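Q: Quick one: the structure is below, and I'll ask about it shortly.
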Amino acid sequence: MTDLSSVLWRARELLELLLFKLEEEQLLLASNRSRWLAHATREVEVVLDQIRQTEVARAAYSQAVAIELGLSAEASLGELADTAPAPWGDLLHQHRRAFLTLTSEISAMAEINRDLLTAGQRAARETMLAFADTVETYSPQGKAVSGGLRRPSLVDEAI
């Protein structure tokens, strides 16, 4: 139980770190500061890799505890918490609640970041199309083609 609790604490710390990294990424996106976006994304990927590694250890400890408690090896954290003796049951319930809260916050943050990325990409494309005065599409053969003629454009240097 001690090993399982330790790995659950580590997983919670990593989920909180992931939430922080996603919020950093969101701040960069919202402020249109793309210079550091690749670094922020790389940091998110590093944390995700650490979470995957921790998940392997968590699964192993959870299986051992489940078998020790007479449950199926695939027992959920909620089932472990319901069966575990005091004070372990309460601690496992706390971990479960924290995981549910963190995953909900992470999902919401990831959705917002996805929306910001999509909006930024759309704005950049529309700006480029305004300068090019043409729309690129695909021919029936799958080749990129311009849908209009290019003409001279005036560019405001303040942009």
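Read the figures in this text as sums done on the coordinates, not as results from a lab. Note that the structure is a prediction, hence the values are computed from the model and not measured. No Cβ is skipped: glycine too gets one built from the backbone with ideal geometry, and neighbour counts run over all protein chains shown.
Q: Using 7 Å Cα-to-Cβ label points, what is the Asp3/Glu74 separation (nm, one decimal)?
A: My value for the distance between the label points is 2.3 nm.
Q: Through the Karplus equation 6.51 cos²θ - 1.76 cosθ + 1.60, θ set to phi - 60°, convert the phi angles of the range 39-48 into ³J(HN,Hα) values in whole Hz; use x for Gly and Pro.
A: Once rounded to whole Hz, the list reads 5, 5, 5, 5, 5, 4, 5, 5, 5, 4.
Q: Now for a different question. Once a ≥ b ≥ c are taken as the square roots of the eigenvalues of the Cα gyration tensor of the range 2-145, is the result rounded (a/c under 1.5), prolate (a/b larger than b/c) or oblate (a/b not larger than b/c)? Before the final figure, lay out each step's value.
A: Working: a/c = 3.63, a/b = 2.63, b/c = 1.38.
Cα axes put the range 2-145 in the prolate bin.
Q: Rounded to the nearest 0.05, what FRET efficiency is calculated for Gln50 and Ser107 with R0 set to 22 Å and r the Cβ-Cβ distance?
A: Details: r = 19 Å, r/R0 = 0.85.
Plugging the Cβ-Cβ distance into 1/(1 + (r/R0)^6) gives 0.70.
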